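Step one of this worksheet: look at the structure below.
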2 protein chains.
Amino acid sequence: MAPLIVATRNEHKLRELREALRGVDLEPLPDEFVLPPEDGETFEANALGKAHAAQEATGRAVMADDSGIAARGLNGRPGIRSARFAGEGASDEENLLKLLDEVERAGDRRVAYVCAIAYVSEDGSEQTFEARCEGELIPQPRGEGGFGYDPAFLPDDTGPGDERTMAELSPAEKHAISHRGKAARMLAAHLEAGG
Amino acid sequence: MAPLIVATRNEHKLRELREALRGVDLEPLPDEFVLPPEDGETFEANALGKAHAAQEATGRAVMADDSGIAARGLNGRPGIRSARFAGEGASDEENLLKLLDEVERAGDRRVAYVCAIAYVSEDGSEQTFEARCEGELIPQPRGEGGFGYDPAFLPDDTGPGDERTMAELSPAEKHAISHRGKAARMLAAHLEAGG
């Protein structure tokens with residue numbers, strides 16, 4: 001099978017998808033292709049938009065990821081706006097500080113990471129996978145791994161008494177339980193079964 | 001590394017652990033060893049009890065799993081009693097019918113599968129991993145895969161519009177998102193990092 005094109009310009013996502021999908025050969029979208037704006041109302045719609053655009057431009061099989069964090073006390077915000085919560089071009093740290101501030105005022109630290117992965121085959125047929133990773137935000141971020149909101153994200157799925165944030169897990173540990181790891185493995189199972 | 005002993009008499013669990021831990025060589029606990037009764041109050045305590053007993057009996061590194069289903073409307077029941085919810089020696093189907101009946105009367109179909117995995121090294125040091133798989137029960141079970149409550153368990157982590165029960169997923173799809181798959185991969189990452 002030809003390598004699967006990943007319709008992203010986010011190096012963190014490409015690296016994580018490669019780590020989580022060890023049996024699948026992934027290649028980045030060539031630089032000359034422009035991805036459409038993420039103007040959908042759901043993670044799924046945004047992932048499908050990117051994947052279809054890249055498939056049409058390249059004629060190849062493509063996967064795309066759209067993901068973010070949803071705070072229970074904020075009715076699911078920032079959601080699809082997670083990467084620009086503190087404004088266009090905001091850094092991970094600026095977004096995280098804004099979320100910590102809003103969550104503190106809402107008095108509810110429960111959050112979920114959400115990842116939608118869209119797969120569009122060479123002939124344009126589509127399939128989507130969506131997974132969540134539940135946890136809570138801690139006020140003092142810590143850890144150097146991962147990206148985004150990871151330094152403040154305490155996942156439910158570790159061990160009893162394990163207080164490591166997502167940014168303190170090894171890459172393999174993160175992918176074992178993460179929203180992106182789960183959605184990526186569902187895609188891998190789909191491809192193994194013949195796509 | 002010598003094969004890791006799995007302290008279980010449950011063939012379903014052994015098979016799923018083998019499928020989820022492809023890079024780890026697993027072997028069943030030899031028949032002559034008797035596992036202790038599961039008399040702990042938590043999944044973690046039961047998994048640790050089995051793993052320590054098997055490690056002491058064999059002098060080998062051991063893993064054990066304790067798992068079950070927790071219904072929100074039943075304050076987490078049946079929990080550690082999931083395998084004997086309808087009585088000692090009850091079949092999967094009897095347990096499932098009892099749970100569907102109680103959940104229906106409670107008016108809340110939200111459930112979570114929970115899996116605790118305990119690892120005890122050759123020298124007796126322990127490590128535990130615990131993961132959940134969120135979903136809801138459907139009144140009409142369907143599907144032939146998996147075991148336990150799978151035919152009525154609709155996992156959150158599939159795709160939007162994917163209405164397959166856990167028993168209708170392929171093994172690879174189930175392990176990608178399941179409580180046992182996640183806890184097993186956390187153990188695998190721990191072992192890869194040097195245990």
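If you rank B:Thr165, B:Thr58, A:Thr42 by how much accessible surface each has, with a 1.4 Å probe, what is the order from largest down? Intermediate values should be presented prior to the final figure.
Values: B:Thr165 0, B:Thr58 40, A:Thr42 65 Å².
The ranking, largest first, comes out as A:Thr42, B:Thr58, B:Thr165.
Compute the separation of the alpha-carbon centres of the range A:177-195 and the range A:107-136 and state it in Å as a whole number.
11 Å
When DSSP beta bridges are limited to those with both residues in the range A:4-192, what percentage is antiparallel, rounded to the nearest 5?
In the range A:4-192, approximately 85 percent of DSSP beta bridges are antiparallel ones.
Springs between alpha-carbon pairs under 10 angstrom, Gaussian network model over chain B: which of B:Ala183, B:Ala57, B:Ala167 fluctuates most?
Result for chain B, Cα springs under 10 Å: B:Ala57 fluctuates most.
Compute log10 of I(q)/I(0) for chain A with the Debye formula, placing one identical point scatterer on every Cα and leaving out solvent, at q = 0.15 Å⁻¹, to two decimals.
Cα-only, vacuum Debye calculation for chain A: -0.88.
With a 1.4 Å probe and every protein chain kept in, tell me what percent of the accessible surface of the protein assembly as shown is carbon plus sulfur.
Ligands and nucleic acids excluded, carbon and sulfur give 47 percent.
At a probe of 1.4 Å, how much accessible area disappears from chains A and B on forming the pair, both sides counted, to the nearest 100 Å²?
Counting both chains, the buried surface is close to 2000 Å².
Compute the acute angle (0 to 90°) between the alpha-carbon long axis of helix B:179-192 and the principal axis of greatest extent of the alpha-carbon atoms of chain B; round to the nearest 10°.
20 degrees
Quick check: with the 1.4 Å probe, what order do A:Arg110, B:Arg18, A:Arg185 take by accessible area, largest first?
Output order, biggest surface exposure first: B:Arg18, A:Arg110, A:Arg185.
Which whole-angstrom value gives the distance between the alpha carbon centres of the range B:140-167 and the range B:5-35?
24 Å
Using the heavy atoms of the protein chains and a 1.4 angstrom probe, tell me the accessible area per residue for the protein assembly as shown in square angstrom.
Per residue, the protein assembly as shown has 44 Å² of solvent-accessible surface.
Please list, in order along the range B:37-48, the HN-Hα scalar couplings obtained from phi with the Karplus expression 6.51 cos²θ - 1.76 cosθ + 1.60 (θ = phi - 60°), rounded to whole Hz, x for Gly and Pro.
Using θ = phi - 60°, the values come out as x, 7, 10, x, 9, 9, 4, 4, 5, 5, 5, 5 Hz.
Students sometimes get this wrong: rank A:Glu11, B:Glu88, B:Glu104 by accessible area, probe 1.4 Å, all chains present, largest first.
B:Glu88, A:Glu11, B:Glu104
Starting from the Cα gyration tensor of the protein assembly as shown, multiply each eigenvalue by 5, take the square root, and state the resulting semi-axes largest first in whole Å.
35, 23, 22
Using only Cα atoms and rounding to the nearest 10 degrees, what angle (0 to 90) does helix A:92-106 make with the longest principal axis of chain A?
In chain A, helix A:92-106 runs at an angle near 50 degrees to the longest axis.
Taking 29 Å as the cut-off for C-alpha to C-alpha distance, list the pairs among A:Lys50/B:Lys13; B:Lys98/B:Lys182; A:Lys98/A:Lys174; A:Lys13/B:Lys50 that go past it.
Details: A:Lys50/B:Lys13 39 Å; B:Lys98/B:Lys182 27 Å; A:Lys98/A:Lys174 24 Å; A:Lys13/B:Lys50 39 Å.
Result: A:Lys50/B:Lys13; A:Lys13/B:Lys50 exceed 29 Å.
Where Lys and Arg each count +1 and Asp and Glu each count -1, what net charge lies around A:Ala106 among other residues with Cβ under 13 Å from its Cβ?
Net charge in that neighbourhood comes out at +1.
For B:Glu93, what accessible surface area do you get with a 1.4 Å probe? Give it in Å², rounded to 10.
130 Å²
The values are calculated or read from the model by the stated rules, or taken from the named source; none is laboratory data. Because the structure is predicted, anything quoted here is derived from the model rather than measured. Cβ: placed from backbone, ideal geometry, glycine included. Neighbour counts: every protein chain shown. Side chains included, ligands, DNA and RNA excluded: accessible areas come from the protein's heavy atoms. Shrake-Rupley method; radii C 1.70, N 1.55, O 1.52, S 1.80 Å.
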